1. For the chain, give the magnitude of the charge dipole about the Cα centre (Cβ charges: +1 Lys/Arg, -1 Asp/Glu; no others), in debye to the nearest 20.
2. Using 0.36 nm per residue of separation minus the Cα-Cα distance, give me the extension gain between Met265 and Ala372 in nm, one decimal.
3. Rounding to the nearest 20 debye, state how big the charge dipole of the range 81-172 is about its Cα centre with +1 on each Lys and Arg Cβ and -1 on each Asp and Glu Cβ.
4. Among Lys54, Lys155, which comes first, then next, by fewest other beta-carbon atoms within 10 Å?
5. What is the projected area of the convex hull of the Cα atoms of the range 51-165, averaged over all directions, in nm²?
6. Determine, from the Cβ-Cβ distance of Thr426 and Arg294 and an R0 of 22 Å, the FRET efficiency 1/(1 + (r/R0)^6), rounded to the nearest 0.05.
7. Could you list, bin by bin from short to long, the percent of Cα-Cα pairs of the range 60-113 in 5 Å steps?
8. Taking 2.2 N^0.38 Å as the expected size of a compact globular protein, what ratio does the Cα radius of gyration of the chain give against it, to two decimals?
Amino acid sequence: MSNQSNTVVYHLEASEFNWEVAPGKVIPAWGFNQQVPAPVLRAKKGDTLIVRIKNNLKEATMVHWHGIRLPASMDGTGEVQKPIEPGAEFEYRFIVPDAGTFWYHSHQNETVQMERGMYGALIIEDETDPQFDNEKVYVIDDMKLNEANQFTEAKGALSRLVEKHDGREGETALINGKENPTFTIHAGQIERWRFINSASARYFRMQLGGHPFQIIGTAGGLLEEPRMVTEILITPGERVDIVAGPFKSGDHFEIEALPYNRVTMLRAKKRIYGHVRIDAPKESTAFVPNQLRRIEPIAPQDARVTRKVKLSVGPNLKRGLDFLVNDKLHSNDLPVRVDELQVWEISNSSRMDHPFHLHGFFFQLLEMNGKAPAYKAWKDTLNLPPRSKAKIAWIPDNRPGQWMYHCHIIEHHAAGMMANFEVLGTDDEVGKYMMNDGHCQHN
Ligand code: C2O
Ligand code: CU
C-alpha cells in the first residue's frame, strides 16, 4: 500500500515573449515560462501542490486552477486574493484531492491574457488509473491575429459586436501552441489522450478522421465505463479523456473539428488541428477495464430545485449586448451552506449556447430538458444550448468562502454573465468572508 502523499513544487514566471506557432509565424505571446501552453504540471492524487508565480508582465495577473477542489483562498479570483502586481510573486498551495485532467489559466483580464497564451494543463494521476502504453495531452486553442500576426482589438462597430456576441474566434487553430502539429502513435498500441479546450470561445467538436474511440473521462475524472463514439463536443473549459488506438501501421488521420452551430454570427466550418501518423507496430501492455469506477448519484432526477439560475442575453443601447445571470450583470447570488444539497435549475433563455462553469465543486447532471443524461459523470462545465434547461446537483463540502460561476466563453464572462456567491460554514453569518470594502479576506 503506497498511500504516501508528497509535495510537488513548480515555479512559473509570467512574461511576454515571442512564440513560433508555425515555421516563420512568430507571435507576441504572453505566457508562463516562455511557453504556449504553459508547462504541463503533474501531481498524484492527494499530493500538496505548490506553485510559485512570478509576474513579469506589465500588468497584474492571477491564476485559477480550473476544476480543482481547493480552498476558496487559492481559487485565483478577485474575490479571494489581491492580483499579483508586476514584479510581485504569489504562492498557490493546495492539496489535489481528485485524479483527472485539469488546467490552469489567468483569471485577470482574461480576454487578453488567456487569448495570448496564459494557460496550461494540470494532470492529476492516481495509482488506480487504467494502464496505457503512452499518454498525450492536447491543449486546444485558437487565436485571432491580423496579417502581421499581432493581436488586435476588433475594429468598427460590427466586428466589435460580432466578437462580443460570438466570443473571440480566430483562424489560427492550435494544439499545444502549434499550428498543424504531427503526432505519432505505434500501430497496435493504446494511448490515453487528454483533451483540454482552452479557447476563449471556440467549440471543439472533435473527430479523429472518423475512427471510433472511447471516452473514459470528463472534467471530474473517470466515467463508470468507456463509451464508444466517433465524435465528441468539447466546449471552452471542458476536458475529455479518450482511449486512442489500436491503429493500423502506415495509416494516418487528422484531428479535426467538425462545424458546430452554436448560433454565432460568423458561420462555423470544419477545421484541421493536427495530424496523427501511425508508426511501426509495437506490443501493447495497456489494460482498460470495462468498469472504470462507480459514480454514486447524489440526488434523484426529481429532486426539488433549490435555486434557479437564468442565463440570458439582452440588447443594450450603450453596450450593444448585455450578458446576464438572473437578469443582472456581474451578479451576486445568495449564499449556500456547507453540506446542504444544491439542486440548481440552469436555464438558457438566449438564442445561443453558453458553457456554464462552477468554480471549485463538481456537479452531476440530473436532467437536460427534462431527460436524464445517457451516462453519469462528474462535471464542472456544462453546455447549455439555446432555450435549454438543465438540472444539476452538487454538495458544498467544507470549503467555505467566496466562489463563482460563469459562462466560459470569456467575452461573455467579461460582459457580465457571471455571479459570485458565498459558501457558509455550518454556523457562519452571511458576509463573514467579505472584507469591509466589499473584497474578501486573503488568508
Ligand atoms: Cu476556467 Cu472562472 O474559469
Ligand atoms: Cu456565454
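1. 1100
2. Working it through step by step, the gained length comes to 35.4 nm.
3. 640
4. Starting with the residue having the fewest Cβ neighbours, the order is Lys155, Lys54.
5. 10.3
6. Result of the calculation: an efficiency of 0.20.
7. All Cα pairs considered, the percentages come to 4, 20, 29, 26, 13, 7, 1.
8. That works out to 0.95 for the chain.
Just so you know, all these numbers are worked out from the coordinates, no wet-lab data involved. In this text, all values refer to a predicted model and were calculated from it rather than measured experimentally. Neighbour counts run over all protein chains shown; Cβ positions are idealised from the backbone, glycine included.
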